[in-house]
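Quick note: the coordinates plus some simple rules give every number you see, no bench work behind them. Nothing here was measured: the structure is a model prediction, and the numbers come from that model. For neighbour counting, all protein chains shown are included, and Cβ atoms are generated from backbone atoms with ideal geometry for every residue, glycine included.
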Amino acid sequence: MKILSHRGFWKTEEEKNTLAAFERAFSNGYGIETDIRDFDGQAVISHNPADNRCPLMTDMLELWKKYGKPILALNVKADGLYLLVEDIFKEYGLTEKNYFLFDSSVPEQYIYIKRGYNIFTRSSEFEEKISFWEQSKGVWLDQFTDCSHIANTVESLLDSGKTVSVVSPELHKRDNKAVWELLKKYKGRDNLILCTDTPKEAEEFFK
């Protein structure tokens with residue numbers, strides 16, 4: 001089981017998606033989930049509409065390379081971004097083993113698949129049909145209302161051979177203990193990832 005630190009390992013809300021939060025995550029051995037979009041012709045890190053204060057994607061990747069290239073979950077926030085990131089991916093050595101893209105629009109996801117990117121599809125209580133199941137290397141397993149969708153699907157998804165990245169409930173302002181207890185029995189699976197706002201607590205819990 002791998003741990004992804006959601007928008008970096010931050011101590012305050014203001015630190016989310018900052019280079020300080022990324023370095024803290026990488027130096028503690030965690031991968032990160034972060035948001036990529038474009039601003040002024042460059043790929044930048046930002047969950048919300050970008051401005052000139054946003055870190056460059058390449059600055060994040062310099063830190064990533066320094067700490068041994070832990071796994072990156074890259075949330076695609078803008079259409080057409082593949083035009084900016086293709087050369088960046090080649091330069092920094094992003095491979096199927098150390099990153100995945102998710103949450104792009106369906107037309108964009110189709111383009112990324114055609115261009116050979118590592119794509120995770122989505123599953124949640126609001127998404128009955130999983131798009132691009134065959135072409136995706138993994139599943140971003142989300143839940144917005146309670147933990148029943150994860151409880152009902154995580155084992156079958158893991159058994160399918162896909163990598164499963166579970167969204168911890170605190171990302172949606174809900175208590176995470178029921179989902180964490182549920183995942184305990186699967187913590188030995190090498191195709192399980194947990195994306196959390198509290199990576200240290202998760203590491204201790206799943207020891």
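Here is how the numbers come out for the structure above:
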{"read-out": "Under Karplus coefficients 6.51, -1.76 and 1.60, residue-wise ³J(HN,Hα) of the stretch 185-190 in Hz, glycine/proline x", "value": "5, 10, 5, x, 6, 7"}
{"read-out": "Positive-end residue, the chain charge dipole about Cα centroid, Cβ charges, pick of Phe126, Ala21, Leu81", "value": "Ala21"}
{"read-out": "Shape category assigned to the stretch 124-207 from the gyration tensor of Cα positions, a/c cut at 1.5", "value": "oblate"}
{"read-out": "HN-Hα J in Hz across the stretch 46-53 - Karplus 6.51, -1.76, 1.60, θ = phi - 60°, x for Gly and Pro", "value": "5, 6, 9, x, 7, 9, 6, 8"}
{"read-out": "Extension gain, Thr95 back to Lys187 (0.36 nm per residue minus Cα-Cα distance, nm)", "value": "30.7 nm"}
{"read-out": "Long-range amide H partners of Tyr99 with built H, under 5 Å", "value": "Leu72"}
{"read-out": "The chain, helix-only ellipticity at 222 nm - DSSP H runs n ≥ 4, -39,500 (n - 2.57), divided by all residues, nearest 500", "value": "-9000 deg cm²/dmol"}
{"read-out": "Long-range amide H partners of Trp10 with built H, under 5 Å", "value": "none"}
{"read-out": "Cα-Cα separations in the chain greater than 30 Å, expressed as whole percent", "value": "16"}
{"read-out": "Relative contact order of the chain, defined on C-alpha pairs under 8 angstrom at six or more residues apart (%)", "value": "20"}
{"read-out": "When each of Lys77/Lys114; Lys114/Lys187; Lys66/Lys187; Lys77/Lys162 is checked by Cα-Cα distance, pairs over 21 Å", "value": "Lys114/Lys187; Lys66/Lys187; Lys77/Lys162"}
{"read-out": "Among 119-130, 155-166, the order from most to least packed when residues are scored by Cβ within 10 Å on average", "value": "155-166, 119-130"}
{"read-out": "Sequence ranges 29-38, 83-92, 42-51, 136-145, ranked by mean other-Cβ count within 10 angstrom, highest first", "value": "29-38, 136-145, 42-51, 83-92"}
{"read-out": "For the stretch 2-205, size of Cβ-based charge dipole, Lys and Arg +1, Asp and Glu -1, in debye", "value": "540"}
